[in-house]
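Right, one structure below, let's go through it.
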Amino acid sequence: QVQLVESGGGLVQPGGSLRLSCAASGFTFSRYAMSWYRQAPGKERELVATITSTGGSTNYADSVKGRFTISRDDVKNTVYLQMNSLKPEDTAVYCCNAARSLWVYWGQGTQVTVSS
């Protein structure tokens, strides 16, 4: 059974940091590109960051470049999103995504709230 389980969300003040984790099981993690998406209330889902299956390439939304870092650990079958210098506009539900060819899997998401 495929599972993607996110953790690490919560309430943080502006300027603070959080690290999200997404633990994967039920598929060959190392063969999949991994991404983080987010969706804020009343807004469309946004691709935040992607890391290739080899980990050799990453891409970021312009809104998070220089503040967020995506990484993966193929031994632990986990992808991470380090989020620094958080802003109120980063408030959203963050979901991880695994993709390889026609196979796409989603996690349930974790809430991140940036507020003073």
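The values are calculated or read from the model by the stated rules, or taken from the named source; none is laboratory data. In this text the structure is predicted, and so the values were computed from the model without any measurement. All Cβ positions, even for glycine, are placed from backbone atoms using ideal geometry, and neighbour counts span all protein chains on display. Just so you know, the surface numbers come from the protein's heavy atoms only, side chains and all, with ligands and any DNA or RNA stripped out. Shrake-Rupley method; radii C 1.70, N 1.55, O 1.52, S 1.80 Å.
Can you go through G55, G66, G42 and tell me which one is without any contact (Cβ under 8 Å) to a residue 24 or more places away in the chain and touching a Lys or Arg at 6+ places or on another chain (Cβ under 6 Å)? When all the criteria are applied, what remains is G55. When segment 90-116 is limited to residues that are among the hydroxyl-bearing types (S, T, Y) and in contact (Cβ under 8 Å) with a residue 40 or more places away in the chain, the one that is least open to solvent (accessible area, probe 1.4 Å) turns out to be Y94.
In the set R45, R38, R67, R19, only one residue is in contact with a Cys (Cβ under 9 Å, 6 or more places away or on another chain), closer than 17 Å to V114 by Cβ and charged (D, E, K, R); that residue is R38. Here no strands (runs of 3 or more DSSP E) wholly within segment 1-89 include at least 1 residues being surrounded by 14 or more Cβ atoms within 10 Å (Cβ to Cβ) and at positive phi.
Of the residues making up segment 90-116, those that are among the hydrophobic types (A, V, I, L, M, F, W, C) and assigned to a strand (DSSP E or B) are A92, V93, C95, C96, A98, A99, W103, V104, W106, V112, V114.
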